[in-house]
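What follows is one structure encoded as structure tokens, with my remarks underneath.
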Amino acid sequence: MPRPDSIWFATLSSAELRELDPGNPAGLQSTPDVLVVGGGIVGLATAHYLAERGAAVQLIEAESLASGASGANAGGVWPNDQGPAHGAGFQQLAFLSRDLWARLSLRPGFEFDWRVNGFLNVNTAKLVPSAAECAARCQDAGYTVRAVDAGQIALLEPHLKPGLAAGLHYPSEAHVHPVRAALSLARAVRERGSRIASSVAAKSFVAKEGRVVSVETTAGRCAPRYVVSATGWTTDWLRGLSPSLPSLRSVSGQLTSTDPLPPLLRGAVGGDYLVIQLRSGEVVTGGNLLESESTAPDPSLSSRFADAARDLIPRLNQVEFRRAWCGRRPATLDGLPIIDRAPGFSNLFLACGHFRNGVLLAPATGKLLCDWLLADSQPVELQPFAATRFSQWSGSNLPQSKTVED
Ligand SMILES: Cc1cc2nc3c(=O)[nH]c(=O)nc-3n(C[C@H](O)[C@H](O)[C@H](O)COP(=O)(O)OP(=O)(O)OC[C@H]3O[C@@H](n4cnc5c(N)ncnc54)[C@H](O)[C@@H]3O)c2cc1C
């Protein structure tokens, strides 16, 4: 599967692009402390925290680093905007993760365009019964948000069309370049002496008495003490896991972007679709939800995104949206990730199904899994993300596929 033609890869140097695809020149470590399967943002963050704490980590990625959803997303670190829909467990994990991103951004070598530039929601369909009541409800639940009126909207984002009467502003929401973030994490892993291999896939595993004793990969066998599977929505290599994993769905999403433009937006804006402007000037818009395994961008969808962005920001009227790409969000039935020890196994861990929030949640996922492995005790923050919460949904009870939009 080729990596998405996203703005994130287009804004990297050729040396950085090469770094994402290191191959496997030194061969796999045969007995690492931890084998991490999957080189998206979740696998890389997990490998980073483990390597930092002294574990010998081998990460394997079937394609190149960040070639899945991690290279196709919008880069939002938006715990306050997403949070209220998902409850207290998500809130705790998301707030921790946002703080961890902020701390990572201060470290030497971690260059990933971290910006605390806020999020302004002017989609009145989502402000029911009113912006003020939505804000009050979210503030009561611990979220950082305020209702804004037409004058405040014009001050926050002077290039939005006039007449937007009300909105919600989340001043502490942040943004990253997700592929630079993946690169920063990968570099830190290597600096600790751990290994990252691309074009190496896990194929199957051998287990004895509830322990994975070896993993068969396309580059030979590996016998780690622990295994973390961070493969997003596809868990093919874990076939034979018993009790079986809950089904993960692939929910695709598309984005489209302009060439670099003079400054138009300060933060992220939620209208009919998301609109953001990168530090490098490109305006990115889109973010639909479609239950599909296809990653082929749909030109009619790009036109719809572009029209909506031009309506919201009149200065975009003559501007072309030249680039379009699509990615697959890994989704569980409740939209929350599985971050758990695989039921029935002592040394196999799952970090998958991060759906719309994998960038946001990657550092907390990785750090808490690292704490769990090293202390052999489940962090309380991970209890809401147990694999077993889906036991009532199996086989014929699975809901039918559906198509929805943001
Ligand atoms: C359009 C769009 C917009 C989004 N916007 C945001 C946003 O603003 N903020 C946010 O937080 N999230 C966002 N997301 C979601 C986010 O991108 C995902 O939740 C996140 O990237 C998931 O990361 P991951 O590492 O779990 O999965 P992936 O990035 O898919 O990584 C999994 C990796 O595992 C590899 N793999 C699979 N099988 C094997 C195997 N057998 N052996 C070895 N490797 C294997 C794959 O090749 C892949 O690289 C968005 C997603 C999309 C599509």
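Given the condition at pLDDT 95 or above, surrounded by fewer than 20 Cβ atoms within 10 Å (Cβ to Cβ) and in contact with a Phe, Trp or Tyr (Cβ under 8 Å, 6 or more places away or on another chain), answer yes or no: does some residue in segment 173-190 qualify? Scanning segment 173-190, I find no residue that is at pLDDT 95 or above, surrounded by fewer than 20 Cβ atoms within 10 Å (Cβ to Cβ) and in contact with a Phe, Trp or Tyr (Cβ under 8 Å, 6 or more places away or on another chain), so the answer is no. Determine which single condition P4 fails, assuming it passes every other condition in (1) more than 22 Å from Q254 (Cβ to Cβ); (2) at pLDDT below 95. Condition not satisfied by P4: (1). Within segment 72-79, is even one residue within 14 Å of the ligand (Cβ to nearest atom), modelled with pLDDT of 95 or more and part of a helix (DSSP H, G or I)? Within segment 72-79, one or more residues are within 14 Å of the ligand (Cβ to nearest atom), modelled with pLDDT of 95 or more and part of a helix (DSSP H, G or I). Within segment 220-246, the set of residues being of a type in the set (K, R) and either in a strand (DSSP E or B) or away from the ligand (no atom under 14 Å from the Cβ) (or both) comprises R221, R225. State all residues of segment 31-51 that are more than 11 Å from the ligand (Cβ to nearest atom), crowded, with 24+ Cβ neighbours inside 10 Å and not aliphatic (A, V, I, L, M); if no residue qualifies, say none. Within segment 31-51, H48, Y49 meet the criteria.
Listed here are the residues, each with its yes/no results for (1) closer than 23 Å to D81 by Cα; (2) surrounded by fewer than 22 Cβ atoms within 10 Å (Cβ to Cβ); (3) away from the ligand (no atom under 16 Å from the Cβ).
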{"residue": "N347", "(1), (2), (3)": "no, yes, yes"}
{"residue": "N357", "(1), (2), (3)": "yes, no, no"}
{"residue": "G366", "(1), (2), (3)": "yes, no, no"}
{"residue": "W372", "(1), (2), (3)": "no, yes, yes"}
{"residue": "P384", "(1), (2), (3)": "yes, yes, yes"}
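Taking first residues from segment 329-340 that are assigned to a loop (DSSP other than H, G, I, E, B) and of a type in the set (V, I, T) and partners that are within 11 Å of the ligand (Cβ to nearest atom) and modelled with pLDDT under 95, the Cβ contacts under 9 Å between residues at least 6 apart in sequence or on separate chains come to T332/L248.
For segment 51-71, filtering for residues that are assigned to a strand (DSSP E or B) and farther than 24 Å from Q254 by Cβ leaves 4. Taking first residues from segment 137-160 that are assigned by TED's automatic domain parsing to the domain that holds R266 and part of a loop (DSSP other than H, G, I, E, B) and partners that are crowded, with 16+ Cβ neighbours inside 10 Å and among the small types (G, A, S), the Cβ contacts under 7 Å between residues at least 6 apart in sequence or on separate chains come to Y143/G83; T144/S172; V145/A135. A Cβ distance below 7 Å, combined with a sequence gap of six or more or placement on separate chains, defines the contacts here; from segment 167-184, residues that are under 18 Å from E282 (Cβ atoms) reach residues that are among the acidic types (D, E) and not in a strand (DSSP E or B) in the pairs V176/D113; H177/D113; R180/E111; R180/D113. The requirement of being closer than 28 Å to D21 by Cβ and either modelled with pLDDT under 95 or not in a strand (DSSP E or B) (or both) is fulfilled somewhere in segment 209-219, by at least one residue.
Looking only at segment 21-34, decide whether some residue is within 18 Å of the chain's Cα centre (by Cα) and of a type outside the set (V, I, T). No; the residues of segment 21-34 include none that is within 18 Å of the chain's Cα centre (by Cα) and of a type outside the set (V, I, T). If you check S204, S198, S229, S194 for being assigned by TED's automatic domain parsing to the domain that holds R18, loosely packed, with under 14 Cβ neighbours inside 10 Å and touching a strand residue (DSSP E or B) at 6+ places or on another chain (Cβ under 6 Å), only one passes: S204. Is it the case that segment 37-60 has a residue that's farther than 21 Å from R187 by Cβ and touching a residue at least 60 places away in the same chain (Cβ under 8 Å)? No, because not a single residue in segment 37-60 is farther than 21 Å from R187 by Cβ and touching a residue at least 60 places away in the same chain (Cβ under 8 Å). Each residue in segment 305-342 was checked for being in contact with a Ser or Thr (Cβ under 6 Å, 6 or more places away or on another chain) and more than 23 Å from S70 (Cα to Cα), and 2 pass. Filtering G68, G54 for residues that are of a type in the set (G, A, S) and away from the ligand (no atom under 11 Å from the Cβ) leaves a single hit, G54.
The values are calculated or read from the model by the stated rules, or taken from the named source; none is laboratory data. All values derive from a computational prediction rather than experimental measurement. Backbone-built Cβ (ideal geometry, glycine too); neighbour counts: all protein chains shown.
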